[in-house]
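> A single structure is presented below for examination.
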Amino acid sequence: MASESESGNAAAPHPHHPEGTEALAHIAVDYRPEACRHEPDAGEIHVTYDHRHPGRDGSRWRSRRRFLPGSAVAATIRAPAGDTAGLNYNLYLSSLECSRDMDEIDFEFLGHDKCAVQTNYHVGGQGGREQIHRLPFDSSDGFHHYAIAWGAEAIEWRVDGERIRREVRREGEPWPEKPMYLYASVWDASDINEGRWTGTYHGNDAPYVCSYKDVVVPTIAFSLEEEHECTEDVDAEGEAAAEDADAAGDAVAEDADAACNAAAADGATAAAAVDTGATED
């Protein structure tokens, strides 16, 4: 079961936030909640990757509502500092992470080059629409604003208020239409495409922290009903059962990650063909 957190942030909106959005009020953490620090009063989320942790590392958070076409999501993000080769850190919409028929719209940072970002979108589990964009800054030097505007006829990706890509729906071509969660994660993608996608992980500057703040999502008018999780206390027997369920969930998650990695490998191969200048370590 994903853990929950609630935000009480009431700060003034960022000037680059798209219209028709509101502050993200609740998140769920899909795995390793101890590596995802949510600071509700500050409206910040910090995800840590440290290979020295035994077992699975990194973390992934998501919204607890799914969103419909017609609005936008955005956040200011500061990438991890230091030698981040091998890591993938991101902000993206997905109908359901790692499902074989997912729709998805991505910002992905490829750790071997912090002056670039990759955009992509998937329909029915099929990607292959990657583009690499040069950034006029090092994404770890400070917070920068990233927004995805998603409609029935067009998708736009914006950085610091500037549009870097626009895709327009063409008759007869597939288009992402499923309701989608907002996700973000940090993970080691070294094994994707033999390290040619994100570089090879060195871990010289671990722990790595990717920070998100000023996160906004579509208003309730463009949202489906928020999921509800059981928050009642459980007795010792219930805790034991929950631990067994978590262990089973980890096994399922590992299988899902294998499927995700296979899809990422296909995408990384395609991205290599459209790379507009990202360097490799």
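The values are calculated or read from the model by the stated rules, or taken from the named source; none is laboratory data. Keep in mind that this is a model prediction, so the values were computed, not measured. Quick reminder, even Gly has a Cβ in these numbers, built from the backbone with ideal geometry, and neighbours come from all protein chains shown. Heavy atoms of the whole protein, side chains included, go into the accessibility calculation; ligands, DNA and RNA do not. Shrake-Rupley method; radii C 1.70, N 1.55, O 1.52, S 1.80 Å.
> Can you pull a Stokes-Einstein diffusion coefficient for the range 115-211 at 37 °C (0.692 mPa s), Rh from Kirkwood over Cα pairs, as a whole number of µm²/s? Kindly include the intermediate steps, with their values, before the conclusion.
Details: Rh = 15.8 Å.
In µm²/s, the coefficient is 207.
> Still on this structure, I have one more. Between Glu177 and Cys115, how many nm apart are label points set 7 Å from Cα along the C-beta direction?
With each label point 7 Å from Cα toward Cβ, the separation is 4.3 nm.
> How large, in percent, is the carbon and sulfur part of the accessible surface of the range 36-106 at a probe radius of 1.4 Å?
Summing carbon and sulfur atoms, their accessible area is 47 percent of the total for the range 36-106.
> Roll a 1.4 Å probe over the protein chains and send me the accessible area per residue for the range 79-138 in Å².
Accessible area per residue, the range 79-138: 28 Å².
> Cα centroids of the range 37-91 and the range 155-200: how far apart, whole angstrom?
Centre-to-centre (Cα) distance: 15 Å.
> Are there trypsin sites (Lys or Arg not before Pro) in the range 62-113 that DSSP puts in a loop and that have at most 14 other Cβ atoms within 10 Å, and which ones?
Qualifying residues, ordered by number: Arg100.
> I would also like to ask the following. State, to one decimal in nm, how far the label point of Phe137 lies from the label point of Arg163, with both points 7 Å from Cα in the Cβ direction.
2.2 nm
> Counting other Cβ atoms within 10 Å of each Cβ, which GluC sites (Glu not before Pro) in the range 123-157 have at most 12 and sit in a DSSP loop?
Counting only loop positions with at most 12 other Cβ atoms within 10 Å, the GluC sites (Glu not before Pro) in the range 123-157 are Glu153.
> For the range 34-134, what percent of Cα pairs sit more than 16 Å apart? Display every interim value, and only then the final one.
Details: 3319 of 5050 pairs.
Pairs farther apart than 16 Å: 66 percent.
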